[in-house]
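What follows is a short report on a single structure.
The values are calculated or read from the model by the stated rules, or taken from the named source; none is laboratory data. Here the structure is a predicted model, which is why all the values come from computation and not from measurement. With ideal geometry, Cβ positions are generated from the backbone for all residues, glycine too; neighbour counts draw on all protein chains shown. Surface accessibility is based on the protein's heavy atoms, side chains included, excluding ligands, DNA and RNA. Shrake-Rupley method; radii C 1.70, N 1.55, O 1.52, S 1.80 Å.
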Amino acid sequence: MQNEKLRVYLEGTLFAAIAMILSMIPTGIGSSYSISLGTIPLTFFAIRRGMLPGLFSGFLWGILHVVSGTAYILNIYQFFIEYTIAFTSIGFAGYYSKKISHSIKSHSMQTARKYLIITTFIGSLARWFWHFVAGVFFWGEYAVWGLDPITFSLLFNGASMLSTVAVTIVVLILLFNRAPSMFIPKTKN
């Protein structure tokens with residue numbers, strides 16, 4: 001049992017590293033819009049292993065931004081909200097992991113796809129909320145076109161989130177259609 005937990009958390013560390021590598025691929029337009037490619041492996045991991053391991057992996061991904069020097073830190077509060085809470089929140093994509101696993105095992109692929117889409121929204125929406133909060137309180141003074149901080153954060157963080165969700169869903173559905181068994185971890189008996 002202890003070795004299985006260690007395996008899960010080592011796998012989570014690997015997925016956080018993959019997410020970090022994908023984060024370095026430029027997908028942004030300006031300073032406020034980007035598609036977060038790292039969300040793809042972390043959402044996959046959270047669906048595969050569940051919410052708690054997903055939260056752990058998301059937390060590591062946020063810390064890797066700081067360690068790698070790619071984080072934009074204005075103060076300790078903004079750091080805490082955006083690089084610990086927001087990235088950790090992606091782990092909520094594991095909310096329906098058991099239902100997805102059960103649906104796959106019972107050959108109810110349409111149900112599994114439905115939960116895969118819903119849970120991708122859950123994880124991304126949880127992360128978006130915290131980036132939205134940070135956008136209002138910490139980045140609002142950088143709003144363009146005379147927008148107030150709330151509208152600015154809503155539009156730019158919302159556009160990034162929706163684009164990220166769309167790309168993540170497309171990739172995960174393609175993976176699912178190709179090999180649904182990838183979403184069910186193998187356990188030792």
Accessible-area value, His102, 1.4 Å probe, nucleic acids and ligands omitted, Å²: 130
Helix axis angle, 109-137 relative to the chain longest principal axis, alpha carbon, degrees: 20
Net length gained if the chain between Tyr33 and Leu147 were fully extended (0.36 nm per residue, minus Cα distance): 39.5 nm
Accessible-area composition of the chain, carbon plus sulfur, in percent [1.4 Å probe]: 69
On Cα atoms only, tilt of 51-68 relative to the major axis of the chain in degrees: 40
Accessible area in square angstrom per residue, the chain, 1.4 angstrom probe: 54
Cα centroid of region 92-153 to Cα centroid of region 40-70, whole Å: 14
Heavy-atom accessible area order for Ile21, Ile100, Ile63, largest first, 1.4 Å probe: Ile21, Ile63, Ile100
Qualifying lysines (Cα of each under 21 Å from Cα of Lys186; at least 8 residues distant if same chain): Lys5, Lys98, Lys99, Lys105
With DNA, RNA and ligands ignored, accessible area of Ile118 (1.4 Å probe; Å², nearest 10): 70
Using a Förster distance of 30 Å, the FRET efficiency for Arg7-Ser108 (Cβ separation, nearest 0.05): 0.60
Reported label for calculated P(r) over Cα pairs in 10 Å bins from 0, in percent given (i) 9, 32, 31, 17, 10, 1; (ii) 9, 29, 21, 18, 16, 7, 0; (iii) 10, 37, 34, 15, 4, 0, 0: (iii)
Rounded tilt (10° steps) of 39-49 against the dominant C-alpha axis of the chain: 40
Estimated 222 nm signal from helices in the chain, with DSSP H stretches of n ≥ 4 weighted -39500 (n - 2.57), rounded to 500: -22000 deg cm²/dmol
Surface accessible to a 1.4 Å probe, Ile85 within the full protein complex, Å²: 50
